[in-house]
Amino acid sequence: MSKKSNKQILVPFAEGFEEIELVSIVDILRRAGVGVSLASIDASPTQKGAHHIAIVADMSLEDAKIDQFDGIVMAGGMLGVQNMQKSSTLLQFLQTFHSQQKLIGAICAAPIILDDLKLLKQDFCCYPSCENLMKNTTASRLVLPYIKQGHIITATGPASALEFALGIVESLLGIEEKSKLAKELLRYA
């Protein structure tokens, strides 16, 4: 595990989240020494994922203080994303993070939320079947594990979750920390 950094990331999630993506994000960032707060979208601290794995939140999104975070990262899972789309608190957080040019990450179906808010101005990645749900962007979906465009990082889906999380580490802590962690994880490239 890397030394503790002063970076803090908010990871909101809701019933129906994609487990591989959520756990990869949280695990990789914590291994890198980044502070991660898992925030449940509703009052229930325990949420079940798309494959019935329960995860317990660190906090409710309503209790999160936006100025304490350097970024926000969302896992996909279609039902989870649909549930997150209903959260006015989450939508406000995303708008604020965007206006402050803070890191925003979204994988799988989660870029749909960014599209809803008209935040996708450049090429992006998402789960292939979600592309037709993007109504507000004229940017193109790229077939890559993930892409960073300014302060927004998007990724394709479960198989790219590790690379996505490492890309977030690079954005927060630099290429050296990303490479060090990738080596510790026995990632060969």
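The values are calculated or read from the model by the stated rules, or taken from the named source; none is laboratory data. Please read all numbers here as calculations on a predicted model, not as lab measurements. Positions of Cβ are generated from backbone atoms using ideal geometry, with glycine treated the same way; all protein chains shown enter the neighbour counts.
Taking the range 31-69, which residues are of a type in the set (Asp, Glu) and in contact with a helix residue (DSSP H, G or I) (Cβ under 7 Å, 6 or more places away or on another chain)? Spell out the reasoning first.
Residues of the range 31-69 that are of a type in the set (Asp, Glu), as a first pass: 42, 58, 62-63, 67.
Result: GLU62, single match.
Looking at this structure, is CYS126 in a loop (DSSP other than H, G, I, E, B) and either in contact with a Pro (Cβ under 7 Å, 6 or more places away or on another chain) or buried (at least 20 other Cβ atoms within 10 Å of the Cβ) (or both)? First the steps, then the outcome.
Values: in a loop (DSSP other than H, G, I, E, B): yes; either in contact with a Pro (Cβ under 7 Å, 6 or more places away or on another chain) or buried (at least 20 other Cβ atoms within 10 Å of the Cβ) (or both): yes.
Yes.
For the range 129-158, give me each residue that is assigned to a loop (DSSP other than H, G, I, E, B) and within 22 Å of ASP70 (Cα to Cα). Steps first, answer last, please.
Step one: of the range 129-158, the residues assigned to a loop (DSSP other than H, G, I, E, B) are 134-140, 142-145, 150-151, 156-157.
Across the range 129-158, the qualifying residues are GLY150, HIS151.
Being more than 21 Å from LEU22 (Cα to Cα), out of contact with any strand residue (DSSP E or B) (no Cβ under 8 Å at 6 or more places or on another chain) and acidic (Asp, Glu) is the requirement here; does GLU176 meet it? So that I can check it myself, show each step before the final result.
Details: more than 21 Å from LEU22 (Cα to Cα): yes; out of contact with any strand residue (DSSP E or B) (no Cβ under 8 Å at 6 or more places or on another chain): yes; acidic (Asp, Glu): yes.
Taking the combined requirement at face value, the residue satisfies it.
Out of all the residues in the range 129-156, which are more than 16 Å from the chain's Cα centre (by Cα), of a type in the set (Lys, Arg) and surrounded by 15 or more Cβ atoms within 10 Å (Cβ to Cβ)?
ARG141
Does the range 165-183 contain any residue that is part of a strand (DSSP E or B), farther than 22 Å from SER99 by Cβ and at pLDDT 95 or above?
Within the range 165-183, none of the residues are part of a strand (DSSP E or B), farther than 22 Å from SER99 by Cβ and at pLDDT 95 or above.
Among the listed residues ILE104, ILE113, ILE72, which satisfies the condition of being assigned to a helix (DSSP H, G or I), within 22 Å of GLU19 (Cβ to Cβ) and touching a residue at least 24 places away in the same chain (Cβ under 8 Å)? Break it down stepwise before answering.
Numbers: ILE104 fails: assigned to a helix (DSSP H, G or I); ILE72 fails: assigned to a helix (DSSP H, G or I).
From the options ILE104, ILE113, ILE72, the qualifying one is ILE113.
Only residues that are surrounded by 15 or more Cβ atoms within 10 Å (Cβ to Cβ) and among the basic types (Lys, Arg): list them for the range 98-123, please.
Of everything in the range 98-123, just one residue is surrounded by 15 or more Cβ atoms within 10 Å (Cβ to Cβ) and among the basic types (Lys, Arg), namely LYS102.
Just the residues that are of a type in the set (Phe, Trp, Tyr) and in contact with a helix residue (DSSP H, G or I) (Cβ under 7 Å, 6 or more places away or on another chain), please, taken from the range 122-141.
So the first thing to find is which residues in the range 122-141 are of a type in the set (Phe, Trp, Tyr), and the list is 124, 127.
Answer for the range 122-141, where residues must be of a type in the set (Phe, Trp, Tyr) and in contact with a helix residue (DSSP H, G or I) (Cβ under 7 Å, 6 or more places away or on another chain): just PHE124.
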